[in-house]
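> Have a look at this one.
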Amino acid sequence: MGFLDILFGGGKKKVSKETAETRGDHMPDLNIPVDEKFTIHFKKNGGKFIYCDSDAEVSKAIRNIVTENNWESEPFFVLNERLAQKFSKESITFTDNARDSEVFFTTCEHLIAQNGSILVCSNQLLEKKVNELPSNLVVFATTSQLIESIGEGLKTIKKKYGQKIPANITTLKHFKATAENSDDFLTYGSSTKNLYLLLLEDL
């Protein structure tokens, strides 16, 4: 399967073209699995989705992203040392200084099917706000991180971290220029990003 096929919805997690294109903005939510629902909303938000069923496919996708954007000499800004170690054998370099890079490479807490957003917190961003990040984002996530709603995501974070709930909880949602204003308080003060999602099957 070619990279463009993967990028625009190829792989095992296919959503029918008819389902994705014939629904209006104010139609009731889809009664479909969370993975398909997330894909529909995420693409509507302007995100670039790459499904991978192995680490080898993740590596191939990263190489293709780098080539597509001419980032061969562009270091990836990363705040997670374990993420940098995991991908240390790839043909990319890393920096911990945002001003040295046009690309932020990160993990996330959850993928929200309800609106196609990506839930992150201080574990990924430290104290940085979304509008302080580079304009290009590459997010590495797994299918086990897919959940239905933001409320479910917040409950999971509370259960996971107990009394040490991370700060700076927000969502990444705007992946294309739009005149619409979001009424989601978690996206307040955010800015449009060019975002690639590398989704690894782990279920």
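Only the coordinates and a few stated rules stand behind these numbers; no lab work does. Predicted, not measured: the structure shown is a model, and the values here were computed from it.
> Based on the inverse mean of 1/r over its pairs of different Cα atoms, what is the Kirkwood hydrodynamic radius of the range 35-117, in Å?
Working: mean 1/r = 0.0708 Å⁻¹.
Mean inverse Cα-Cα distance, inverted, gives 14.1 Å.
> Taking H as built 1.01 Å from N, whose amide H comes closer than 5 Å to the amide H of VAL103, not counting residues under 5 places away?
So VAL103 has HN proximity to PHE77.
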